[in-house]
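See below for the structure under consideration.
Read-outs throughout are calculated quantities, based only on the coordinates presented, and are distinct from any laboratory measurement. Note that the structure is predicted; figures quoted are calculated from it, not measured. As a convention, Cβ positions derive from the backbone with ideal geometry for all residues, glycine included, and neighbour counts pool all protein chains shown.
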Amino acid sequence: MKFFLDTANLDQIRTAQEMGIIDGVTTNPSLMAKEGITGEENILAHYKQICDLVDGDVSAEVISTDFKGMISEGEKLAALHQQIVVKIPVIADGIKAIKLLDKEGIRTNCTLIFNAGQALLAAKAGASYVSPFIGRLDDIGQDGMDLIHQLVHIFELYGFETEIIAASIRNTTHILQCMEAGADVATCPLSTITGLLNHPLTATGLEKFLEDHQRMNR
Ligand code: E4P
């Protein structure tokens with residue numbers, strides 16, 4: 001399973017890239033706003049900076065909600081860098097836009113997926129990725145992981161090449177469950193990925209090793 005970093009923060013992307021633990025980055029308008037990136041020129045420049053930092057796909061989301069607007073934004077974003085994947089919301093015009101962008105050889109990530117029907121339409125239109133949001137489903141009392149299992153099963157059954165990005169990940173348990181379910185990618189905040197390293201026995205074991213070394217080498 002690949003890891004994408006779910007952030008627009010350059011320091012975090014640099015850190016994760018240096019650790020060698022990420023295969024790409026996903027952003028969304030809220031994550032860009034969190035970094036204080038505003039205005040078209042700055043936004044485009046920021047995406048380019050992210051692409052220069054990371055080896056792998058970088059999802060950049062359109063803010064238009066009509067077909068023409070999504071196509072024009074998508075083409076502009078894709079022209080920025082070969083690593084850009086255009087993120088498109090799963091609405092009727094979005095599905096139409098995914099189909100045309102695919103024909104033009106532009107890769108897409110269909111976002112805001114909350115059920116299998118939405119993912120199916122995105123995959124049929126030729127989306128490179130679909131992003132089911134598991135944490136937000138958990139937030140409203142549904143089990144987000146059920147959707148990941150369902151999508152893995154359906155995509156395998158019908159041979160879709162569209163990759164499943166488990167998004168809206170809230171904790172390390174989500175990551176492990178996504179691995180077991182067979183998701184292609186998990187996109188997560190850096191703290192959640194590095195959280196996989198934490199174990200109290202590792203911490204106490206290391207402390208003891210160092211103590212013993214110090215005692216014998218005074
Ligand atoms: C990534 O593609 C999504 O935009 C992101 O994972 C959403 O996460 P959130 O539900 O924590 O905002």
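What the table shows:
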quantity	calculated
The chain, helix-only ellipticity at 222 nm - DSSP H runs n ≥ 4, -39,500 (n - 2.57), divided by all residues, nearest 500	-16500 deg cm²/dmol
Ser72, Ser191, Ser168, Ser131 arranged by Cβ crowding within 10 Å, fewest neighbours leading	Ser191, Ser72, Ser168, Ser131
Sequence of His199, His81 once ranked by neighbouring C-beta atoms within 10 Å, starting from the fewest	His199, His81
Rounded, prolate or oblate (a/c below 1.5 giving rounded, otherwise prolate when a/b exceeds b/c) for segment 1-145 by Cα gyration tensor	oblate
Ala45 paired with Thr204, simple spin-label distance in nm, labels 7 Å along Cα-to-beta-carbon	5.2 nm
Normalised contact order of the chain, rounded percent, pairs of Cα under 8 Å and 6 or more residues apart	17 percent
In segment 128-218, the GluC sites (Glu not before Pro) that fall in loop regions by DSSP, at most 15 other Cβ within 10 Å	Glu161
Under Karplus coefficients 6.51, -1.76 and 1.60, residue-wise ³J(HN,Hα) of segment 119-124 in Hz, glycine/proline x	5, 4, 5, 5, 5, 5
Separation between Cα centres of segment 64-104 and segment 161-176, rounded to whole Å	23 Å
Candidate lysines for bridging to Lys103, where Cα separation is under 25 Å - those fewer than 8 sequence places away on the same chain excluded	Lys48, Lys68, Lys76, Lys87, Lys124
The chain: angle of helix 67-80 to the longest principal axis, Cα-based, in degrees nearest 10	50 degrees
